[in-house]
Amino acid sequence: MAEYKGVMIYSEDTEGKLAAITTELLGCGRALADDLAQELSAVVVGSGISGLAQQTITYGADNVYIIDDPLFKDYRTDSYVSVMEKVVKQVMPQILLMGQTSVGRDLAPRLAFRLNTAATMGCVELAIDPGSKLMIQTKPVYGGNAQAIFSCASFPQIATVRPKAMSPLEPDTSRKGEVIPIEAGLDPSTIRTKVLEKVKEEVEGIKLEDAEVVIGGGRGIGSAEGFKQLEELAKMLKGAVGATRPPCDEGWVPAGAQIGQTGKIVAPDLYIAVALSGSCQHMSGCSGSKTLIAINKDPEANILREAHFSVVGDWKKVLPAFTNKIKELLS
Amino acid sequence: MNMVVCVKQVIDPEAPPTSFRIDLGTDKVAQLPGVSLVLDPYAEYAVEAALRIKDAQGGKITAIALGTNLLRDVVKKPLAMGVDELILLEDEAFEGGDSWSTAYALAMAIKKIGAHDIIFCGREASDWNAGQVGSGIAEILGLPSITLARKIDIANGKATVKRGTDVGYEVVEVSLPTLITVSNEIGEPRYPTIKGIMAAKKKDPVIWKPADIGVNPSQIGFSGRRIKMHRLFQPVREVNCEIIEGETPEEAGVNLALKLREAGIL
């Protein structure tokens, strides 16, 4: 019987370029593969995506499996699970990594159940145990209140990785690798869902995940108008506005502005938390920020235990003065 | 329309972080006084999604919860909200499972319930934040699945689901029966009415043991795990917060800006 060997990462792209999470997976996968003295491969699935193959090599893959077929134009659970089942059975990797993205969240568990193995979702640290050679998987649990360390003895060991938890390698265009096409061989009638529409809801301006300055607002902002003040500050600092869950649920900001366990993960140089208490589920999405500043009227708020600098006071009074002073300092 | 909703009892995720402790040695979350057990919030969104369909076109909803020491006040909440039946997989053997053993037990229970058009789960539970059980149940039962639902419309034997993506959403269509995992964007779950609470008090849940759903205890709970947990711990965050003062809130705001400039952050 063939042996499970090698590390494989599942690649995702944004508008023809490797997604940031994919370069992060390649960086982390490279380290695991080197530790095991095994190969790192990437899988690229989609329609008209052959240009991505070389990019995965540039970022660290030894070889790439590519499934390029119009059937894979949209992500659909049935088709993607089936094709990944085929790839895994053919290549037999010991480890399979995916991003904790809307695709990875859907694909990884179902594929794990299909393959009779198990997945660990949303890992922030992965390493090889020197003794057992199994992958040691660390992930936040209880909404970020705690972390748990897992391992799985059935192969492939599947894990999804949180955005911004791992570092990509420096791209090296001189790296060489083999590009191996795989036939999908999929019966279209087995795909039970249909994608009728795809809608982008990105907030205007700098993307939240890429912003070097993020202004986060909580329930205490109180209204959509309140968030306009945060936007003003964000604009001045060339940053973006995010929010905890309640303002999204209330419709003050779009759902895509949510930062946290079930929202976006940000790691800016500066995070200014305004009128938010700092629940674990929110902090879990911004704990990678280099400097954290809090403006909150509650001296007992959890955010004050995590911030580097803070002002205890009503944001409606503190923020305009703060914004004006910054305007003055920057001019 | 026959619907099944999987729900879970968890430690209140809204409790302040300072009240969260892990018992040394046991790798379990300490049950500190004042921190209550509640119905998992994502499960409540799943219940709400099912109730809206029932409101619009009628049907029957069965809720299932799995675990031990299930507080009746907690697990009866779906009944109080308007769900018709409650089944509890309540036995020591179900305890300590991972996504695999939990999905397996729930799938076998759903099989026993019989015909269903839609199975609902929360997008993930607030304790382990895995989000695997829904997809797992669908895979075991051979059903299509749509995850991260923000809005669900049912017509002509089909579900049209607005599914959250990293950049916005997509609209996905599927024929019933199907499994759907529900996200908070679906909208606030309703509060139980007094009438609902009274009716729920009088209703006894159906309790199923492993043998009732035809599963071997070795396949469920702790024995059925595929993932081994080595450690559960609280990461230490060491931040010295510098409180910026001022005579007035406005002055504190100005001082904060000056401080950031001084510290080279701006």
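The values are calculated or read from the model by the stated rules, or taken from the named source; none is laboratory data. What you see is a predicted model; the values in this text were computed from it and never measured. Here the Cβ positions follow ideal geometry from the backbone for every residue, glycine too, while neighbour counts run over all protein chains shown.
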**Candidates B:GLU139, B:GLU124, B:GLU90, B:GLU95 - the one that is modelled with pLDDT under 95, assigned by TED's automatic domain parsing to the domain that holds B:LYS203 and among the charged types (D, E, K, R)** = B:GLU95
**Request:** Return yes or no: is A:MET236 closer than 20 Å to B:ASP166 by Cα, of a type in the set (A, V, I, L, M) and either within 11 Å of another protein chain (Cβ to nearest Cβ) or without any contact (Cβ under 8 Å) to a residue 12 or more places away in the chain (or both)?
**Result:** no
**Request:** Kindly indicate the residue of segment B:196-220 that is of a type in the set (Gly, Ala, Ser) and at pLDDT 95 or above and also surrounded by the most Cβ atoms within 10 Å (Cβ to Cβ) among those meeting that condition.
**Result:** B:ALA200
**Message:** Quick check on my filter: what residues within segment A:259-286 are farther than 18 Å from A:MET121 by Cβ, modelled with pLDDT under 95 and facing chain B (nearest Cβ under 9 Å)?
**Reply:** A:SER277, A:GLY278, A:SER279, A:MET283
**Asked** Conditions: (1) more than 10 Å from chain A (Cβ to nearest Cβ); (2) of a type in the set (A, V, I, L, M, F, W, C); (3) surrounded by fewer than 22 Cβ atoms within 10 Å (Cβ to Cβ); (4) under 30 Å from A:GLY205 (Cβ atoms). B:ILE152 meets all but one. Number of the miss?
**Response** (4)
**Fill in**
Subset of segment B:117-134, residues among the polar types (S, T, N, Q) and closer than 22 Å to A:ASN116 by Cα, comes to B:ASN129, B:GLN132
**Prompt:** Are any residues in segment B:199-232 within 23 Å of the chain's Cα centre (by Cα), more than 7 Å from chain A (Cβ to nearest Cβ) and of a type in the set (D, E, K, R), and if so, which ones?
**Reply:** B:LYS201, B:LYS203, B:ASP204, B:LYS209, B:ARG225
**In segment A:103-134, the residues that are closer than 28 Å to B:ALA30 by Cα and of a type outside the set (Asp, Glu)** = A:ALA118, A:ALA119, A:THR120, A:MET121, A:GLY122, A:CYS123, A:VAL124, A:LEU126
**Request:** Taking B:ILE180 as meeting all but one of (1) within 7 Å of chain A (Cβ to nearest Cβ); (2) under 21 Å from the mean Cα position of the chain (by Cα); (3) of a type outside the set (Ser, Thr, Tyr); (4) crowded, with 23+ Cβ neighbours inside 10 Å, write down the number of the exception.
**Result:** (1)
**Request:** Kindly indicate the residue of segment B:238-266 that is closer than 30 Å to A:ILE149 by Cα and either more than 7 Å from chain A (Cβ to nearest Cβ) or surrounded by 12 or more Cβ atoms within 10 Å (Cβ to Cβ) (or both) and also nearest to the chain's Cα centre (by Cα) among those meeting that condition.
**Result:** B:GLU238
**Message:** It is to be established whether one or more residues within segment A:189-201 are part of a helix (DSSP H, G or I) and either among the charged types (D, E, K, R) or surrounded by fewer than 18 Cβ atoms within 10 Å (Cβ to Cβ) (or both).
**Reply:** yes
**Asked** If a residue has to be within 11 Å of chain B (Cβ to nearest Cβ), part of a loop (DSSP other than H, G, I, E, B) and either of a type in the set (A, V, I, L, M) or surrounded by fewer than 16 Cβ atoms within 10 Å (Cβ to Cβ) (or both) to count, how many in segment A:113-131 make the cut?
**Response** 5
**Fill in**
Note: among B:PRO192, B:PRO235, just one is on the phi < 0 side of the Ramachandran plot and within 8 Å of another protein chain (Cβ to nearest Cβ), namely B:PRO235
**Message:** Quick check on my filter: what residues within segment A:294-331 are more than 14 Å from B:ARG261 (Cα to Cα), more than 7 Å from every other protein chain (Cβ to nearest Cβ) and either buried (at least 20 other Cβ atoms within 10 Å of the Cβ) or of a type in the set (A, V, I, L, M, F, W, C) (or both)?
**Reply:** A:ALA294, A:ILE295, A:ASN296, A:ALA301, A:ILE303, A:TRP315
**Item:** A:LEU208, sole failed condition from (1) within 27 Å of A:GLN90 (Cβ to Cβ); (2) within 13 Å of chain B (Cβ to nearest Cβ)
**Value:** (1)
**Message:** I need the strands (runs of 3 or more DSSP E) fully contained in segment B:136-223, keeping only those with at least 2 residues that are without any contact (Cβ under 8 Å) to a residue 24 or more places away in the chain and among the charged types (D, E, K, R).
**Reply:** B:158-164, B:168-175
**Prompt:** Looking at segment A:148-162, is at least one residue over 21 Å from A:ALA33 (Cβ atoms), crowded, with 23+ Cβ neighbours inside 10 Å and facing chain B (nearest Cβ under 10 Å)?
**Reply:** no
**Item:** Positions within segment A:201-231 being among the aliphatic types (A, V, I, L, M) and either under 15 Å from A:LYS290 (Cα atoms) or in contact (Cβ under 8 Å) with a residue 40 or more places away in the chain (or both), in sequence order
**Value:** A:VAL203, A:LEU208, A:ALA211, A:VAL213, A:VAL214, A:ILE215, A:ILE221, A:LEU230
**Message:** Just to be sure I understand, how many residues within segment B:248-266 are of a type in the set (Asp, Glu) and modelled with pLDDT of 95 or more?
**Reply:** 2
**Fill in**
Every listed condition ((1) of a type in the set (A, V, I, L, M); (2) outside any strand (DSSP E or B); (3) crowded, with 21+ Cβ neighbours inside 10 Å; (4) in contact with a helix residue (DSSP H, G or I) (Cβ under 9 Å, 6 or more places away or on another chain)) holds for A:ALA234 save (4)
**Asked** What residue, of B:ALA46, B:ALA15, B:ALA63, is in a loop (DSSP other than H, G, I, E, B) and either modelled with pLDDT of 95 or more or surrounded by fewer than 21 Cβ atoms within 10 Å (Cβ to Cβ) (or both)?
**Response** B:ALA15
**Message:** Take the conditions away from every other protein chain (no Cβ under 13 Å) and aliphatic (A, V, I, L, M) and apply them to B:ALA49. Does it pass?
**Reply:** yes
**Message:** Condition first: in contact with a strand residue (DSSP E or B) (Cβ under 8 Å, 6 or more places away or on another chain), in a helix (DSSP H, G or I) and either of a type in the set (A, V, I, L, M, F, W, C) or crowded, with 23+ Cβ neighbours inside 10 Å (or both). Now tell me which residues in segment B:107-135 satisfy that.
**Reply:** B:ALA109, B:ILE110, B:ILE113, B:VAL133, B:GLY134, B:SER135
**Message:** When you check A:VAL253 against the structure, is it of a type in the set (Val, Ile, Thr) and either touching a Gly at 6+ places or on another chain (Cβ under 6 Å) or under 25 Å from A:LYS317 (Cα atoms) (or both), yes or no?
**Reply:** yes
